[in-house]
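The block underneath contains the structure these notes are about, expressed in C-alpha cells.
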Amino acid sequence: VTASTQTFPDTLDSPSHAAAWWSGRVLPSATGHFNELTHSGLEHADLAPEWSSFFSHVTDGPAGLDLRQTQLQRQLRDNGVSYNVYADAQTLQRPWSLELFPLLLTPEDWTEIETGIQQRARLLNHILTDLYGNRQLSQRGLLPMTLAQGHPGFMHAMDGVQPLGQTWLHIAAFDLGRNPDGHWNVLAQRTQAPSGLGYLLENRIAISRQFPQAFENMRVQRLAASYQSLIQSLIHLSPKGRDARIALLTPGPYNETYFEHAYLARYLGLSLVEGHDLTVRDQHVYLKTLQGLEPVDVLIKRLDDDWLDPLELRADSTLGVPGLMQAVRAGHVLLANTPGSAPLESPALLDFLPDVALEVLGEPLRLHPTQAIHRAQNHGIGNANPHALSQLPTWRGQTLSPASLVLRVFALAQGSGQWRVLPGGMVRLPAPGQNLPSMQGGGSSADCWVLSHGPVDRTSLLQQAPTTLSLVRQKRPVTSRAAENLFWLGRYTERTDNALRLLRLTLRSLQGEESGSHSLLAWLSVCNKAQGLLPSTTPNAQQSTEAFQCALWQQASAQRHTGSLGHNLRSLQSAAHAVRERLSGEQRKLIERADALLNGLAAPTHHSHASVQPVDPDTLDQLNDLLAAITGHQTDHMLRDDGWRMLSIGRHIERAATLSAAMAAAVQTGSLFEDAGFEALLALFDSTLTFHAHYPQRRDLLALLDVLLTHPDNPRSLAWVLSTLRSRVDKLPDTPGQPVLSLLRDLPDPRTWDLLALSAVHPESSAAHHGYLDLLQLLQSCEDSVYRLSDRLGHAYFSHADSLSQSLLS
Amino acid sequence: LSAMRLHLHHHTEYRYQTPVVMAQHMAHLQPVDRPSQQVVSHALHIDPLPAWQQHRIDSFGNHCTHFALQSPHPCLNVHAHSVVDTQPTMPLPDSEPWEHLWQRLQFQRHMAPETHAEYACASPLAPSHPRLADYAAGSFPEGRPWLAACQDLMTRIHHDFRYVTGSSDIHTSVLQTLQQRQGVCQDFAHLMIGCLRSLGLPARYVSGYLLTQPPPGQARLLGADASHAWVTVPHQGQWHDFDPTNLRSGTHSPGEDYVTLALGRDFGDVSPLRGVIQGGGQHSLSVAVSVVPEDEHLVFQPFAVTPPLGTPGSMAS
C-alpha cells in the first residue's frame, strides 16, 4: 500500500491519527535489510515508536511533505550549499542533495555507536603512537609491514615524532552501516582530512527547520557543544594555549568540499587559509596578512598528508606550505590531524583491528563485522548477508521509498586520551542504481537525529561564556589573498555596474529620437569598445546602427568575451566565491541571482536561432536592481576593516578610470557639445538629477565640469572619487619599506583643479579634441594614475612573487 | 687492496634569472658511517649564509640538513667537503635459497617480522610491477642462493641495458627504463630494487660516490666525477652491495673506491639537495663532484671547482 492509494484526510483530530495513517504507508525494506522505519529486519513490522512519534508531528500529509521538500531545496540553493564535482572553474557546483527525513537513532542505538567509536579513536591513536614510535605492533606480528612502515602512506618525515599532547587524531570520521540484525559496524575510517563536519551542520539547520515541532519534542541531542569542545581541546593542546590562533587550511575553491570549509571556518570563527597564505620562518608558521606576518598555532587541515609540504613531501604540491613539516616536528604548530595517519584509512587494516584491540586495550573490538557474523550464527540466521545496509525512508512524491544508508560519525579529541563522539552525523544514500553511497557519484545525504532520554544540551557557539575569545575583541586578520580577491570583487562589481549602465544607455539611445546624432553614436562606439562590451572590430554605430545593436545583443550574454557583461559578472562571482566566508549570505544570494538572470539571457529561446535575439530590457532592469542591491550590501553591510577598504579602493579605481575615459571620449568625439550627448554623459555618470537640480536650464561645459569633475559631494564626480580613494588608501597599514603615502604619490589632487582654465579652449589646438587640451590631459592623468595605484597596491600587498614558488631537485 | 682515505667535494650551484626572494632547502650531503667507511670530517659551506640552519637524523639514519634563505639572492652555492676512510670489500658469502628469505618475509600473526621487511615494500620510485617481476624471474630459479641470485640479476641488468648519459632524468620511471633498455646509474639502481620488490624481496637504494681514474697519462680533473647510485640487500644481519652500472659487488660496499652518502627506499628519500624557492624565474643548475685520494688532494684548491669536463673513465651517475 502506498500513500497515494488513499488520500490523506483534510484534517486529523490528533497526532496519533497522523501516526496511524502514516504507519499504514510503510513500504517494506528489501529482503535482508534492516528497516529503519520499523527498527527491525523483519519484512512486516509496525512503525517503530520513534518514527511514530516523528510522524505524529506530520499532520499535513503527503501534500505537506511535498511542500517541505520544495522549501528545503530552495533553502539549500539560496544558502549556496554545494558540492564541487569537478575541479573546473566554469561548471563547478552541484547543489547539495538532502533528504527530507532524518535518520532517527534511539538512545540505545547511540550508546552502541558512541562506546564503539570512542574505543576506535583510542585504538587508532594508539596505533599511530606505535607506528611512529617503538613499532611494537609490527614487531609482535599484529600488523603486517604493508600496513605499517611499508604502507605507502607511512610518513617517514614524522618518524619518531611525538605530537603535542600525544594526540595524533583530533577529528576522525567513521562510516557505519547497520547490519540486518540491527547492530552497527565500521565500514571505513577517515583520518587525513575527513569531510562532513560542515555539511552535517547545514543539514541539521535545514531539516530542523522543516520539522520544528518534531525536533523540539523528540529530545534531539544538539551539536554545538561538541564543536566547542573540539576548539577548546585544540586551544588547550596548542603551544600558545589561550592565545592560540587557529586557522582552517583548505586546498581552495576548486576542492569538492570547499563549501563546507568556508562554512565551518565561519561557524567556528576561524581564518580560512590556503597554503600560499602561510609561510614558515624559523620553524614557526605565519599568516601573510595586510598587516604583515601573524603567527598561527593551530591548523585544522583539509588537505591530504602528501600535499602538505612541497619541500619534504610531494614536490609538485602547490597546495601546501614549504617547511610545514619542520614546524610540526618542532611542536610549534598543532596540525589537526597530525600528518601520518594515511595507513589508518586502508581498508585492509580493518581485519587486523580485532587482534590489535585485544592486545592493546585488552577488550574485544566493537562495531566490527566479525561480531555480526558471530551473532548471526548464534541466532541461526547465518544466511543473512552481513553487508546489507539498513534502509531509511525517503520521500519520493507520495511514497516512502526505502534507500540504503551509510552513517558518518565523528570522534573529536578532548585531550588527555579521551574522544567525544559528536551526537549526530552525516547520512549518505546512494544514487539510484548504485549500491554504495558516494557524494561524488551523485548520492544524497540526510540529517541524523540522536534521541535522548534526558535533557538536551543547548549550548550554542553564540552564547559561550566570556573567554578571551569574546572579551578581547580580536581583529580578524585580512590575508593577502583575501585582500586581493576583495580588491577584484570591488573592481568587477564597479565594472559590471558601469558596463550595465552603458549598455542600457546605448540601447536606449539607438532606439530613441537621438539615434541620428552622429557624434553621440561615435561616442557610444568608443565607450562600448573601450569598456570591452564590444570587440574593436565591430562596425561603429555611425556606420550601421542595426549591426551595432545586433553586436551589442550578441555580446551582452557572451560570457567568454573578456569585458562583456557576462564575463564581468562571472569574474565578480568567482572573486566573491574565493572570499565567500567574508560576505553575507544575502550578498552571495544576490550575486547568484544576478548570474542566473544573465544565464537566462544567454539561453537560446524557442525562436529561430539564426537571427540574434533582442536583449529583454526588463531583464536588464532587473539586473540593474540586483547590482544596486549588491553595491548597497557592499557599502552598508560589511565590517569596515582593511578587507572592505580594499574592496572600496577597487571600486573607486574602476570608477575613476571609466569616468575619465568616458568624459575624454565625449570631448574628443564632440558628443558633449550636442544636447543628446550632453545628457548621455550625465546619465553615464548617474548624475542627471544632480545636474538639473544644481543648474536648471543650463547646458554648458562649465556647469557640467562643476558637477562631474570638481563637485565635492557628488559621489560620481571625479574629485569625489579621487579624494575617497585617497582617504581609503591612507588608512591601509604600512608595509615594510613602503609607507602607505608613497602609493598615492602621483594621484591628481582635485583641490588644485581650476575649472575656468579647464573649460577654456586652447588657442593652438586642432579640431580633433575641440581645443580642450588641459582637460584632456587631466583626464588622461586621472586614468593613468589610478591604474598605477592599482599596480602599486598589488605589489605592496598581494605579494605575487611569493605565490609563485617552484621546487628544485638535484 | 687496502684502506683508503678519500676527499669528497660536492658542489651545487643554482643561478637564477631573477633573485629568489625566499628559499628553503633540505640537503643529504653528509656521508653516513657504515661498516665499510668511517667519516673523518665533514663541512658544509652555504653561500649566501642561511638565515636558519638545522641538522637532524632522518627516518633512515641519514644526516639531513635543513636551511632557509630569507633575503633576495641571485644564486646559491652549496659546497660539501667530506673526508672518509673506506675499507676493502669482502667477497659475498654463501647464502640460503632465496625462497627461504621470501618465506620469512610473509606476514605471520603473532610472529616477529623478518628484519628489514619494510624494504620489500614498494616505494614511489621503486615500485612493484608484474613486468618487473617477469624480468627478475630469470635470475631467481628455484633454490638459487639469495645473494647469487642478486649477483645474477645485477649482471643481467649490466648486459641488457645500455649506459647512456642524459638518456633519463629524475622523473624517469622504472618501467620506462625497462622498456627503453637504457639509462644511467640511478635508473639501474631503481630498476634492480623494483625487480627485487616485485618478487617480494627487500632492497635499499644507496646514494654515493665512486673514485674514478683519469685517462692514462692525464691529470685528475676536479669536478669531473658525478654522484653515483647502487643497490644494497640484507642477509644475515649484514648488507651486501650491488652496482649494476659497473658490475661490482661486495659485502658492506662494492669496493674501497665507493663512498656511501645516504641510504633510503629510493632516490626520493636521499636526494642530495631539495628546495622550494619563491621567485627566481628560470634557473640553471650545475653540479660538480670530485673524489680524490688523500695523497693527491693536497695539490687541489678545494673551492676552485670547474664544471664537469669530458667523460669519466669509469661510469658513474
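Determine, yes or no, whether A:Pro310 is part of a loop (DSSP other than H, G, I, E, B) and either open to solvent by 10 Å² or more (accessible area, probe 1.4 Å) or within 13 Å of chain B (Cβ to nearest Cβ) (or both). Criteria met by A:Pro310.
Being open to solvent by less than 20 Å² (accessible area, probe 1.4 Å), farther than 28 Å from A:Met158 by Cα, in contact (Cβ under 8 Å) with a residue 12 or more places away in the chain and not small (Gly, Ala, Ser) is a description that applies to B:Leu8. Scanning the range A:330-366 for residues that are surrounded by 22 or more Cβ atoms within 10 Å (Cβ to Cβ) and on the phi > 0 side of the Ramachandran plot gives a single hit, A:Gly340. Once the range B:106-143 is narrowed to residues that are buried (at least 18 other Cβ atoms within 10 Å of the Cβ) and among the aromatic types (Phe, Trp, Tyr), the residue that is nearest to A:Leu143 (Cα to Cα) is B:Tyr119. Criterion applied to A:Leu293, A:Leu299 was being within 12 Å of chain B (Cβ to nearest Cβ) and without any contact (Cβ under 8 Å) to a residue 60 or more places away in the chain, and the one residue passing it is A:Leu293.
Out of A:Gly153, A:Gly133, A:Gly141, A:Gly160, report the one residue that is within 14 Å of chain B (Cβ to nearest Cβ), in contact with a His (Cβ under 6 Å, 6 or more places away or on another chain) and either not in a loop (DSSP other than H, G, I, E, B) or not aromatic (Phe, Trp, Tyr) (or both). It is A:Gly141. Restricting to the range B:185-197, count the residues that are more than 10 Å from B:Ala126 (Cα to Cα) and either of a type in the set (Asp, Glu) or open to solvent by less than 20 Å² (accessible area, probe 1.4 Å) (or both). Of the residues in that region, 2 qualify. Against the criterion of being of a type in the set (Lys, Arg) and under 46 Å from the mean Cα position of the chain (by Cα), A:Arg751 qualifies.
Quick one: would you say A:Gly441 is open to solvent by less than 40 Å² (accessible area, probe 1.4 Å) and at pLDDT below 80? Spelling it out, A:Gly441 is indeed open to solvent by less than 40 Å² (accessible area, probe 1.4 Å) and at pLDDT below 80.
Restricting the range B:11-52 to residues that are among the polar types (S, T, N, Q) and part of a strand (DSSP E or B) leaves a set whose member that is surrounded by the most Cβ atoms within 10 Å (Cβ to Cβ) is B:Gln24. Scanning the range B:72-98 for residues being in contact with a Lys or Arg (Cβ under 9 Å, 6 or more places away or on another chain) and either of a type in the set (Ser, Thr, Tyr) or free of Cβ contacts under 8 Å to residues at least 60 places away in the same chain (or both) gives a total of 4.
Report whether or not A:Asp282 is open to solvent by 10 Å² or more (accessible area, probe 1.4 Å), without any contact (Cβ under 8 Å) to a residue 40 or more places away in the chain and closer than 29 Å to A:Phe154 by Cβ.
Yes; evaluated as a whole, the condition is true for this residue.
Taken over the range A:637-654, the criterion of being farther than 23 Å from A:Ser785 by Cβ and touching a Leu at 6+ places or on another chain (Cβ under 6 Å) is satisfied by A:Gly643 alone. Is there a residue in the range A:684-696 that is open to solvent by 10 Å² or more (accessible area, probe 1.4 Å) and in contact with a Gly (Cβ under 9 Å, 6 or more places away or on another chain)? No, that holds for no residue. In the range B:108-135, the residue that is nearest to B:Pro202 (Cα to Cα) out of those that are more than 11 Å from every other protein chain (Cβ to nearest Cβ) and among the hydrophobic types (A, V, I, L, M, F, W, C) is B:Ala126.
Of all the criteria given as (1) closer than 17 Å to B:Trp102 by Cα; (2) in a loop (DSSP other than H, G, I, E, B), the one not satisfied by B:Arg197 is (2). Does the range A:516-540 hold any residues that are assigned to a helix (DSSP H, G or I) and open to solvent by 40 Å² or more (accessible area, probe 1.4 Å), and which are they? Result: A:Gly516, A:His518, A:Val526, A:Lys529, A:Ala530.
From the list B:Asp152, B:Asp94, the lone residue that is surrounded by fewer than 19 Cβ atoms within 10 Å (Cβ to Cβ) and within 22 Å of the chain's Cα centre (by Cα) is B:Asp152. A:Leu365 fulfils the conditions (1) modelled with pLDDT of 95 or more; (2) hydrophobic (A, V, I, L, M, F, W, C); (3) not in a loop (DSSP other than H, G, I, E, B) except for a single criterion, (3). What pairs come out if I take residues in the range B:249-277 that are within 13 Å of another protein chain (Cβ to nearest Cβ) and pair them with residues that are among the charged types (D, E, K, R) and open to solvent by less than 10 Å² (accessible area, probe 1.4 Å) whose C-beta lies under 9 Å away, six or more apart or interchain? Listed by first residue and then by second, the contacts come to B:Val276/A:Asp309.
The values are calculated or read from the model by the stated rules, or taken from the named source; none is laboratory data. Remember, predicted model here, so these are calculated numbers, not experimental data. Heads up, the Cβs are rebuilt from the backbone with ideal geometry, glycines too, and the neighbour counts pull from every protein chain shown. Heavy atoms of the whole protein, side chains included, go into the accessibility calculation; ligands, DNA and RNA do not. Shrake-Rupley method; radii C 1.70, N 1.55, O 1.52, S 1.80 Å.
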